[in-house]
Amino acid sequence: MSKPDPRRPKSDRDVLDDLGNLIGESVKKGRAKLEKLIEESRKHKKGGHDDDDFLGYLRAFLDDRNIAAVTPSSKFLVDRVIRAMNLPNAGVIVEYGAAQGVMTRRILEKMRPDAKLIAIEFNRRLFDELIERVRDPRMIAEHGDVREVDQILARHGIHKADTIISGVPFAFFSGRGRHELLHKTSELLNPGGRFVPYQVTTHLIPMLKDYFSDVDIQFEVRNMPPHFVFTALK
């Protein structure tokens, strides 16, 4: 199918343009409560890997407005994304926004022994936790911007992928930035490959249909906040 020009001016359909600011304003209202929760949790900490994941994520969330979700992905959202990825047929997998590795660990559990996973995370705190907590020779962890995914993959001699997933909130990109990333994503996928973004709104659907031949939509309410899971086929 023909590809839209990612350099074109922002269109009326880019209704995500103001959503990032709205999310940011809503988040500010809850920051004081979250900071208090972290302090209380430190005082009464029981310990455990899940507790560390939650507190580490909250600290990063408070420091970085580009993190949209208040908590790491729930096991229900992770399972739904994993099912959409078609991992038995994926030799090269790319993860946009790996955070501290909640989704990453499950991908590594389910993917083939000969597969590769390139996990990209922009937030420095979350990236440091990712490489500390997730150790697997099949994973290539990259601290960088997903909008440079083509350059990141090329540095490792990788030019095509079978599955790309994204927990990165597209609402925080400009209209042009969204189109450019979707264009790169589509170009990087092998024929029959799939792009699986999980987002808090449905506003990405019109753009996905510009770049992919078929888009499936599912909804997972058992997450905070609830997420839509899209499966876009090339």
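The values are calculated or read from the model by the stated rules, or taken from the named source; none is laboratory data. Treat the numbers as computed from the prediction; the structure is a model and nothing was measured. Here Cβ is always computed from backbone atoms with ideal geometry, including for glycine, and neighbour counts include all displayed protein chains.
A few remarks follow.
- The number of residues in the range 170-197 being under 18 Å from Ala98 (Cβ atoms), in a helix (DSSP H, G or I) and under 15 Å from the mean Cα position of the chain (by Cα) comes to 4.
- Selection of the range 107-132 for residues being surrounded by fewer than 18 Cβ atoms within 10 Å (Cβ to Cβ) and closer than 16 Å to Leu87 by Cβ yields Glu109, Lys110, Arg112, Pro113, Asp114.
- Residues being more than 23 Å from Leu87 (Cα to Cα) and surrounded by fewer than 20 Cβ atoms within 10 Å (Cβ to Cβ) - total across the range 179-204: 5
- First in the range 195-207 and under 22 Å from Val94 (Cα atoms), second anywhere and part of a strand (DSSP E or B) and among the small types (Gly, Ala, Ser), Cβ under 6 Å, 6 or more apart: Phe195/Ala232; Pro197/Ser166
- Only a single item in (1) among the small types (Gly, Ala, Ser); (2) assigned to a helix (DSSP H, G or I); (3) touching a Leu at 6+ places or on another chain (Cβ under 8 Å) is not met by Ala119, and it is number (2).
- Boolean, Arg125 is among the basic types (Lys, Arg), assigned by TED's automatic domain parsing to the domain that holds Leu189 and at pLDDT below 95: yes
- Selection status of Val196, touching a strand residue (DSSP E or B) at 6+ places or on another chain (Cβ under 9 Å), modelled with pLDDT under 95 and of a type in the set (A, V, I, L, M, F, W, C): no
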